[in-house]
Amino acid sequence: MKTRKTKTPRQKLILEADKLASGVVKARDQNRCRRCKNVGTQAHHLFSRRHFALRWSPTNLMWLCYGCHSFLHREPEL
């Protein structure tokens, strides 16, 4: 039987910061997709989340709908 790993205090802080940053971007973009102006449901990072210097920066985040988010992952230069 597998045991469930507990999150470290650092991991818990990262998750909480992700939720806060997502809420800020959602409010800034008024829950609208930046590309097509439909109701957006996902936060998109221009630079990967692994870059902690930019992970929670509002200039690195935008609110997108599912279609636009998946499109940008296929065509990142647009």
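Coordinate-derived values only; no laboratory data. Keep in mind the model is a prediction, meaning the values are calculated, not measured. Counting neighbours? That spans all protein chains shown, and the Cβs are built from the backbone with ideal geometry, glycine included.
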log10 of Debye I(q)/I(0), alpha-carbon scatterers only, for the range 16-56 at 0.29 Å⁻¹: -1.04
Chain lengthening between H73 and T8 when straightened (0.36 nm per residue, less Cα-Cα): 20.4 nm
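Any idea what the relative contact order of the chain is, in percent, if you count C-alpha pairs under 8 Å spaced at least 6 apart? Don't skip to the end; give the middle numbers.
Values: 79 pairs, mean separation 22.2, N = 78.
So the answer I get is 28 percent.
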Protection proxy ranking of 8-19, 57-68 - average other beta-carbon atoms within 10 Å, highest first: 57-68, 8-19
Reciprocal mean inverse distance between Cα atoms of the chain - Kirkwood radius, Å: 13.6 Å
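Nearest 20 debye, what's the magnitude of the dipole of the chain about its Cα centre given +1 on Lys and Arg Cβ and -1 on Asp and Glu Cβ? Intermediate results must be reported in sequence, preceding the final value.
On the way: 17 positive and 5 negative charges, 88 e Å.
Its charge dipole is roughly 420 debye.
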Rounded to 10°, Cα long-axis angle of helix 9-28 versus longest principal axis of the chain: 20 degrees
